[in-house]
Amino acid sequence: MKMVLRSLMLSAIVIVCLGCDTLRFAPTESQKQNAFVHWRTADLTAQQAAEQNALPQLSALAALSSRQSRAFVADYGLPAELPAADTADEILTIAPDIAQRAYRASTVRPDIWQAADGLVELGIALAGLFGGAAGIRITQYLKQTREKSTALKEIIQGNELFKQDYPAQADAFKSYQSGQSTATRKLVAEQKQP
């Protein structure tokens, strides 16, 4: 029981201290397609460099790029539907759009509040599995933690609205907040990001 609580607390601390930049969603279909098309592009480039008797260093770099890009496909997984990427013309036609969609998907990060709430919900579910007095205490503690998290989020949002509505007071407001810990400052900064 204590081990479950400690694991949840450690996970929450890691999320708060490291932020959501370290958390990423699973690769999207567009990211998988982009990895596949990248590999096909690098492979085709290596083949053409070898066929056209390119400089040895250029041929070696192209071959290396092809091998490296296979690792991206292995990491991301194959897309459900393989894009037509057998020729240079096919690649040049489809790749820009796929690359743009993959880039947009790559910039999305989980919301720190949703991640923390998910951990608390997981903890409540696990505590419910164990049951008994300890399970009830852990559930009550985690529900209180969720309420405090919601309160913190509301306070941060209210503070940001205050600074927007009263810009003349923003500097004074910031000076009162100067004594915050590094973890608190990081948490507030992540909340303020769009």
Next on the checklist: Scan the stretch 127-143 and tell me whether some residue there is in a loop (DSSP other than H, G, I, E, B) and under 30 Å from LYS186 (Cα atoms).
Outcome noted: no
Item to check | Subset of the stretch 178-189 [closer than 13 Å to ASN159 by Cβ and touching a residue at least 12 places away in the same chain (Cβ under 8 Å)] | outcome: LEU187, VAL188
Next on the checklist: If I ask for residues that are modelled with pLDDT of 80 or more, hydrophobic (A, V, I, L, M, F, W, C) and loosely packed, with under 11 Cβ neighbours inside 10 Å, which ones from the stretch 132-191 would you list?
Outcome noted: LEU161, ALA168, ALA172
Checklist outcome for this item: The condition of being touching a residue at least 40 places away in the same chain (Cβ under 8 Å) and either over 30 Å from THR28 (Cβ atoms) or touching a Cys at 6+ places or on another chain (Cβ under 7 Å) (or both) holds, among PRO110, PRO167, only for PRO110
Checklist outcome for this item: Within the stretch 94-116, the residues that are at pLDDT below 75, part of a helix (DSSP H, G or I) and either aromatic (Phe, Trp, Tyr) or surrounded by fewer than 17 Cβ atoms within 10 Å (Cβ to Cβ) (or both) are TRP113, GLN114
Item to check | Candidates ASP75, ASP117, ASP97, ASP86, filtered to the one that is of a type in the set (Asp, Glu) and either farther than 30 Å from THR45 by Cα or in the same structural domain as LEU187 (by TED's automatic domain parsing) (or both) | outcome: ASP117
Checklist entry - Does the stretch 45-83 hold any residues that are more than 36 Å from the chain's Cα centre (by Cα) and either outside any helix (DSSP H, G or I) or surrounded by 12 or more Cβ atoms within 10 Å (Cβ to Cβ) (or both), and which are they? => result GLN48, ALA49, ALA50, GLN52, ASN53, ALA54, LEU55
Checklist outcome for this item: For the stretch 122-144, the count of residues that are in contact (Cβ under 8 Å) with a residue 24 or more places away in the chain and closer than 27 Å to PHE25 by Cα equals 5
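The values are calculated or read from the model by the stated rules, or taken from the named source; none is laboratory data. The structure presented is a predicted model; accordingly, all values stated were derived computationally and were not measured. Glycine also receives a Cβ, built like all others from the backbone with ideal geometry; neighbour counts cover every protein chain displayed.
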